[in-house]
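See below for the structure under consideration.
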């Protein structure tokens, strides 16, 4: 299984000022590409924290995605920090510089904006169709913008650069019974199917308690078999259930 | 400064099925208690991952909060994993057992539900007024439910157990000019005020570009001074601005 991690960089997430929207999006996007999001970390705008996290994650996972901290202001330190994590020089990327120079009116390509033309030496750019300033790739680390629309546009181009595994399929069954009534059967179903995971998520709807069972596997046959076991269980217990 | 970290436990967050709502809530709640959320990790329902993360975080921060994985089903392995992280026995907590036994009708306190009465040896309970099954504390680690309403109710009782620092204050100024026009002045203002952080967040509203500047410090006087510097800057540049 190909796996990945996400490093969210930014004080604004840790202070609660900004609600992160990139985790959920990336998780689903990777799922479709057959890649499993295996870990997420959120760190503040502190160089050593970024360096330590990116080095831990890139050693552990096939891919690392970072979001945030690549703008023009003093708290945007992702690019320098990634350069240090890889022990590479942090320098002007000629193509990034060219794009930004073309984009800004004469005199507007200020020193602050020129910071956005810097990458670790040898980085490969990731285009930014929304606001020009590019992201970049160094080895297995993809450095993306934090603004969700820009992050999503950047991600779209990366598909050809990633080797995916099989797409993870899932089916969900809503059972109108409390989670604790089915703990044992869920464990048995998971144990009986290699490479299948069974998650259970309680809900309260229209005054009644229920549980959504999510069955996930790369193998459609195993999902079918597990769902069939679940329906037999519901029949035996006279629980009503429905596919979500 | 007293700091804390959050460990979010659950495949459902990493698969994108569930959007986490606890990070933002905890961040703001801690802010009010004068505690800074300094790091967040999200890990899957895998014992070794939970053990490694909780041990890394509890060594690094004053407090660790965990959310998720304390229900009755086979994928709820937080409690056992925390016990292993602390090298403590995982055993029935008599008071937790008593509460759950009282709560359930005779015959309904099944083996699966009895799992929720187990904690690491010597753990102190955290009450759950919503659905009885308690969270718990071991040393500087607080193990809470993943369901936001329950997590929030649990958190409310913890205030007396936490030593807080000063409340972090913040003010926000919306400036109607692009972020990259003010990079240098923001850096200078931050540098000129000890213990003050300046964040900048671009926005697009009514077709115009602007930047929200968030000034944070435990010291009201420093915030006032920084806001005054910002307003002088806006005047000099003829940018309109407003307090948010």
For this session: Determine, yes or no, whether residue A:104 is assigned by TED's automatic domain parsing to the domain that holds residue A:23, within 23 Å of residue B:187 (Cβ to Cβ) and touching a strand residue (DSSP E or B) at 6+ places or on another chain (Cβ under 9 Å).
Result: yes
Seminar exercise, completed: If we ask which residues in the range A:1-18 are within 7 Å of chain B (Cβ to nearest Cβ) and touching a residue at least 60 places away in the same chain (Cβ under 8 Å), their number turns out to be 1
Seminar exercise, completed: The condition of being within 17 Å of residue B:37 (Cα to Cα) and either at pLDDT 95 or above or within 27 Å of the chain's Cα centre (by Cα) (or both) holds, among B:222, B:161, only for B:161
For this session: Answer yes or no as to whether residue A:185 is touching a helix residue (DSSP H, G or I) at 6+ places or on another chain (Cβ under 6 Å) and in the same structural domain as residue A:77 (by TED's automatic domain parsing).
Result: no
Exercise. When you go through (1) within 18 Å of residue A:176 (Cβ to Cβ); (2) within 23 Å of the chain's Cα centre (by Cα) one by one for residue A:206, which number turns out not to apply?
Worked result: (2)
Exercise. What single numbered condition from (1) modelled with pLDDT under 90; (2) within 13 Å of another protein chain (Cβ to nearest Cβ) fails to hold for residue A:207?
Worked result: (2)
Problem set entry | Residue tally, condition modelled with pLDDT under 90 and surrounded by 15 or more Cβ atoms within 10 Å (Cβ to Cβ), over the range B:185-204 | 5
Exercise. Is the range B:51-63 home to any residue that is in contact with a strand residue (DSSP E or B) (Cβ under 9 Å, 6 or more places away or on another chain), farther than 27 Å from residue A:10 by Cβ and not assigned by TED's automatic domain parsing to the domain that holds residue B:217?
Worked result: no
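Every residue, every condition in (1) in contact (Cβ under 8 Å) with a residue 12 or more places away in the chain; (2) over 13 Å from the mean Cα position of the chain (by Cα); (3) closer than 21 Å to residue B:160 by Cβ; (4) within 8 Å of another protein chain (Cβ to nearest Cβ), yes or no:
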residue	(1), (2), (3), (4)
B:20	yes, no, no, yes
B:28	no, no, yes, yes
B:35	yes, no, yes, no
B:40	yes, no, no, yes
B:44	yes, yes, no, yes
B:53	yes, yes, no, no
B:60	yes, yes, no, no
B:65	yes, no, yes, no
For this session: List every residue pair whose Cβ atoms lie under 6 Å apart, where the two residues are 6 or more positions apart in sequence or sit on different chains, the first residue falls within the range A:100-118 and is at the interface with chain B (Cβ under 9 Å from one of its Cβ atoms) and touching a residue at least 40 places away in the same chain (Cβ under 8 Å), and the second residue, located anywhere, is part of a helix (DSSP H, G or I) and crowded, with 19+ Cβ neighbours inside 10 Å.
Result: A:112/B:180; A:112/B:183; A:113/B:180
Exercise. Is it the case that residue B:177 is over 19 Å from the mean Cα position of the chain (by Cα) and in contact (Cβ under 8 Å) with a residue 40 or more places away in the chain?
Worked result: yes
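The values are calculated or read from the model by the stated rules, or taken from the named source; none is laboratory data. In this text the structure is predicted, and so the values were computed from the model without any measurement. Every residue, glycine as well, gets a Cβ built from its backbone with ideal geometry; the counts of neighbours run over all protein chains shown.
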